[in-house]
Every structure is written in structure tokens, then in C-alpha cells.
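Here's the structure, in C-alpha cells; my notes come after.
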Amino acid sequence: MKEIVKRFPGVLAVDHVDFDVSEGEVHALVGANGAGKSTLIKILAGVYQRDDGTVSLRGDEVEIRNPGHAQTLGVATIYQEYNLVPYLSVAENVSLGHLPRLSGRPLKVFIDRRAMTKITARLLQELQVDISPSAQVRMLGVAKQQMVEIAKALALDSQIYIMDEPTAALSSKEIEELFGVIRQMKDRGCAIIYISHRLEEVGRVADRVTVMRDGRKVDTLPAEEASTDRLVPLMVGKTVAKQARRSTCQENGQEVLRVEGLTRKGVLSDVALRVCEGEIVGLAGVMGSGRTEVARAIFGADPVDSGAIHLLGEPITIRSPNDAVKRGISYLPEDRKSHGLILCTSVKNNIILASLTRFCRLRFRGRGLLLDRSRVSKEVINQVKALDIKTPSINQLVEYLSGGNQQKVVVARWLCSNAKVFLFDEPTRGIDVGAKSEIYALIQELAENKAGILLISSEIDELVNVCDRIYVLREGRIVSELLGDEVTKEGILSVALVRSNNHTERAEATV
């Protein structure tokens with residue numbers, strides 16, 4: 001790939017990047033979130049069309065039109081977000097797009113299910129995973145779904161494999177098995193592009209390492225020179241100036257949220273954190289570290305095996321999101337379109353969704369009967385003005401708003417509900433730079449109004465620039481709490497990217 005350029009509205013995502021990989025080589029691609037890694041490999045995979053530059057395969061320049069075309073050219077991709085059909089079997093998913101056909105039949109329209117099962121069983125055996133080819137994908141855990149995704153790519157028998165965070169959901173044993181498969185692929189002459197946030201893995205599996213930052217290629221190093229201490233400064237670059245720390249929890253005084261011993265087998269282990277009024281607390285960690293799971297557990301969206309939650313110093317029981325809303329806890333989910341909004345209804349209906357009882361004129365046994373529509377409209381109009389939500393009408397369907405304005409609608413919903421605690425999960429994902437600034441301003445304003453905020457983000461700059469304190473998660477456990485001058489990109493990366501051999505050990509590493 002030579003001088004590759006990719007632009008999105010308001011963003012230069014990839015800026016004249018050169019990248020190459022050879023037969024029998026694992027070339028790792030690393031960088032902080034937003035560095036341009038995924039955009040670069042999606043150009044090679046045919047998901048995006050480049051704006052400039054050239055791509056050559058085996059010496060011949062090519063135009064990769066789409067993902068299907070990339071596969072025919074010998075490029076297979078294992079994405080960090082699964083592309084599996086949940087209600088199909090493992091074998092059907094592995095063979096999807098290249099189903100074996102029965103020979104000797106008219107038009108070859110009949111699927112050779114015996115061959116399909118045999119191929120899948122062989123691939124799963126190579127990966128040393130105990131999964132039945134006939135099992136429905138929806139019945140598998142996250143780690144096994146990841147192995148099915150890997151088997152699906154191996155079934156293509158390609159020459160180039162792109163692995164985007166393939167170990168994010170895998171255990172240590174499963175990672176070792178995957179590395180064994182990668183070594184076999186290298187021996188067969190396959191070229192592998194390996195993307196990972198886990199820097200200690202890169203040194204074990206890669207031959208070369210390329211570092212990207214802010215859409216640009218920073219350096220390419222031999223693996224033996226790519227230590228964590230060498231890579232982290234290349235990934236971070238010059239630290240962005242950040243806001244002055246306002247306070248610590250002790251200085252803020254009133255504690256609004258305290259979580260103790262939150263545990264869910266295989267997901268979370270003894271999570272303890274606290275948030276004070278007027279404080280913005282960050283939750284950092286790589287994909288699969290358990291950040292979202294912490295927020296969902298606090299909000300009652302996922303069950304827990306044990307743990308305690310205190311609100312304003314009082315112990316509370318949260319069995320469902322409805323309990324959380326009644327207690328004044330709000331949650332802005334990572335995927336606002338699937339879990340945060342009802343896209344097919346209006347801005348007005350989305351905003352009042354969590355506070356309908358406030359606007360009822362008549363009540364019976366504590367339940368509202370009739371909605372005061374004039375009060376609803378007045379409240380919604382006030383929220384739209386206060387948050388500067390750009391919409392032609394409060395009756396506009398929310399699906400037609402921009403990403404930033406959709407996010408503001410979710411914030412407005414919780415402002416209407418008089419929430420005391422805000423759990424923000426990736427609040428600026430998928431929105432432009434201008435909308436990001438507005439969301440940051442909203443978060444700051446909520447803090448100034450004495451709300452307690454837990455902010456989850458994959459963007460380290462975002463955490464460093466916005467948060468007062470930061471908890472770092474790894475493998476479902478909080479391994480560090482960073483305060484004051486410790487809140488730096490280097491500090492976060494050095495803790496989050498190092499896999500501990502002893503899962504009970506607390507990380508104390510600093511750059």
C-alpha cells in the first residue's frame with residue numbers, strides 16, 4: 001500500500017501511509033484508538049475506497065471494489081466486531097458465501113452439508129476448540145464466537161489474512177492455540193496483518209511492527225526492537241494539553257455512587273469504584289476489558305453474582321434498569337441506535353421516555369393515567385433549546401438527526417428524569433469534531449451542577465482531557481486508579497496494555 005489517503009467529513013483518517021507485508025510474515029499494526037489502523041485495513045479489505053494512493057497484490061496494482069472482491073483476490077479479514085448470523089449453525093456460518101455444492105445435480109443448487117460439516121470440523125480441530133459444527137452460533141459464548149469468526153476466515157484459504165483484535169475475547173489458553181495456528185499459517189506462506197492493543201502479544205507473534213498515530217505512519221520496527229517501552233511513546237507522541245484537575249473525590253465531599261465487590265463469573269471480578277458529586281471519573285481499558293459490562297451491571301441491565309451499590313451513602317438494590325431510573329441513575333449506551341433510541345419515533349417521545357410519570361395529570365395508586373401534552377411539549381422545547389439540538393421540529397423522527405444530535409437527545413432524556421448519576425459509554429463515538437466539543441461541554445456542565453459522572457471511552461485523549469480520576473480495567477478487574485498528574489496517556493497505556501500473568505496481581509507499571 002503506497003501513499004494511502006482516506007478522508008471522512010472533517011477528518012483526515014489516513015494521511016499518505018505506506019504499508020507492506022510479505023509471504024510467511026506477521027506484520028503488526030499498532031496505535032492508540034483513532035490512529036487510523038482499522039481504516040487502513042478496511043481499504044485493503046474493500047470496505048472503504050481510498051481517496052488517493054495505490055494498492056498492489058503480488059506486484060500487480062489492483063482496485064479493490066468491495067469485500068467480496070477482496071476475498072476473490074485472496075484477502076480475508078477477521079474483524080473485531082463479529083460478522084456471524086446468530087440463527088445459523090457454526091458450519092453454515094463458516095461456509096457462508098462459498099457453500100459446497102453437490103455435484104451431478106442440475107444447476108448445483110443443493111448444498112453438500114456433509115462436506116460443509118467436514119470442512120468446519122477440520123478447521124475447528126486445527127484451532128483446538130471444542131465446538132460442534134451443528135451448534136447454533138447464538139448459543140455460543142463470546143470467546144467461542146470469536147473462534148468461529150477465525151475459522152470462517154481460514155476456510156477461505158487466502159494468501160493474506162487481516163486479524164483485527166483477534167484475541168480481545170479469548171482466554172490465555174485460547175490465545176496460545178491461536179498463536180499456534182498463526183505459526184502454521186506462516187509456514188504455509190500466508191501473509192498476516194495483526195492488529196492488537198495488547199503490546200506484549202505483538203512481541204511474541206510479529207516479525208515487524210508498524211506504529212500509527214493520528215492517521216500517519218510513525219515508524220516500522222523489527223519485532224526484537226519493539227518493546228512496550230519503545231512502542232508506547234511512539235503511539236502517544238506529544239501529550240495533548242489538558243484541563244486543570246478540578247478536584248479529587250475527597251475534596252468534592254458528597255459521594256453519590258459507590259460500588260463494592262461487583263462480580264459476575266467470567267466477566268467482572270471484585271470491581272470497586274466511587275464517584276462524587278461534581279466529579280468526572282473515567283473508566284479505561286482495551287476492548288474486552290469489561291468497561292461496558294461494569295456500566296450495564298450498575299444500571300441493572302446485566303445480572304451480577306455479588307456486590308453492593310450505594311447511592312448518596314445509602315445501600316440500594318438494582319434488579320433492572322427500571323430500578324436504576326427510579327433511583328436517579330442514567331445510562332447512555334455505547335450503541336445509541338440499538339440500545340439508546342427508538343429511531344422510528346419522534347424527538348419528543350425519545351426525550352420523555354424515562355420520565356413519563358412526571359407529566360401525568362391524573363394518578364391512580366401511584367400510576368399516571370393521562371399525559372399532559374402541553375407540559376410535555378414545553379419541557380421538550382426547553383431541552384432542545386438548552387442542548388442546541390438541531391431538529392426542524394420536536395416531532396421529527398430521531399433517525400433523521402445527525403449522530404451528535406441523536407446523542408444530545410439521549411442526554412436530554414436523562415436531564416428530564418432528574419438523574420443524579422450519569423453513566424456515559426463512548427459518548428462521542430461516531431460523531432464529528434464539532435459535536436464532540438458540544439458533548440464535552442454538556443458533560444462539564446453536568447459536573448458543575450453536581451451530578452456524578454462515570455465516563456467510558458476508547459479514546460485515551462478524551463479520558464485524559466475530561467476526567468478528574470481514571471480507573472483502569474483489565475480482564476474484568478480494576479487494576480489501577482490514576483489521580484492528578486498520573487492521568488496521562490502513558491500512564492493509562494502502560495497499565496491497560498500489559499497482560500498480567502497473575503490475574504490477582506495489581507499492575508503498578510509506569511512508563
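The values are calculated or read from the model by the stated rules, or taken from the named source; none is laboratory data. Note that this is a predicted model, so its numbers are computed, not measured. Positions of Cβ are generated from backbone atoms using ideal geometry, with glycine treated the same way; all protein chains shown enter the neighbour counts.
If the condition is being more than 14 Å from residue 459 (Cα to Cα) and touching a helix residue (DSSP H, G or I) at 6+ places or on another chain (Cβ under 7 Å), then the range 274-288 contributes 274, 276, 277, 278, 279, 280. For the range 202-223, taking the residues that are in contact with a Phe, Trp or Tyr (Cβ under 8 Å, 6 or more places away or on another chain) and buried (at least 17 other Cβ atoms within 10 Å of the Cβ), the one that is nearest to residue 128 (Cα to Cα) is identified as 205. Whether a residue is at pLDDT 95 or above and among the β-branched types (Val, Ile, Thr) was assessed, and residue 75 does not pass this test.
Residues that are of a type in the set (Asp, Glu), touching a strand residue (DSSP E or B) at 6+ places or on another chain (Cβ under 9 Å) and without any contact (Cβ under 8 Å) to a residue 24 or more places away in the chain within the range 301-334 comprise just one, 323. Restricting the range 186-242 to residues that are polar (S, T, N, Q) and within 16 Å of residue 164 (Cα to Cα), the residue that is nearest to the chain's Cα centre (by Cα) is 196.
Exactly one residue among 246, 208, 216, 230 is on the phi < 0 side of the Ramachandran plot, modelled with pLDDT under 90 and outside the structural domain of residue 493 (by TED's automatic domain parsing), and that residue is 230.
With a cut-off of at least 1 residues that are within 21 Å of residue 199 (Cα to Cα), name the helices (runs of 4 or more DSSP H) lying wholly within the range 418-497. I'd like the intermediate steps shown before the answer.
Working: elements: 433-448, 460-466, 489-496.
Counting at least 1 such residues, we get 460-466, 489-496.
Taking the numbered list (1) at pLDDT below 90; (2) under 25 Å from the mean Cα position of the chain (by Cα) in turn, residue 136 passes all entries but (1). When the residues of the range 115-130 are narrowed to those that are touching a residue at least 12 places away in the same chain (Cβ under 8 Å) and in a loop (DSSP other than H, G, I, E, B), which ends up farthest from the chain's Cα centre (by Cα)? Going through the qualifying residues, I end up with 128.
Set side by side, the residues 381, 309, 316, 352 differ, and just one is buried (at least 20 other Cβ atoms within 10 Å of the Cβ) and either farther than 15 Å from residue 416 by Cα or over 31 Å from the mean Cα position of the chain (by Cα) (or both), which is 309.
Just to be sure before I move on: is residue 182 crowded, with 17+ Cβ neighbours inside 10 Å, over 22 Å from the mean Cα position of the chain (by Cα) and within 26 Å of residue 290 (Cβ to Cβ) in the structure I sent?
Numbers: crowded, with 17+ Cβ neighbours inside 10 Å: yes; over 22 Å from the mean Cα position of the chain (by Cα): yes; within 26 Å of residue 290 (Cβ to Cβ): yes.
Yes: the conditions hold for residue 182.
Somewhere in the range 454-469, is a residue more than 30 Å from residue 202 (Cβ to Cβ) and touching a Leu at 6+ places or on another chain (Cβ under 8 Å)? Yes: one or more hits. When residue 41 is tested against (1) among the aliphatic types (A, V, I, L, M); (2) over 21 Å from residue 185 (Cβ atoms); (3) surrounded by 18 or more Cβ atoms within 10 Å (Cβ to Cβ), just one condition goes unmet, and that condition is (2). Candidates 56, 38: the one that is under 21 Å from residue 197 (Cβ atoms) and either more than 17 Å from the chain's Cα centre (by Cα) or part of a helix (DSSP H, G or I) (or both) is 38.
Of all the criteria given as (1) crowded, with 18+ Cβ neighbours inside 10 Å; (2) not in a loop (DSSP other than H, G, I, E, B), the one not satisfied by residue 64 is (2).
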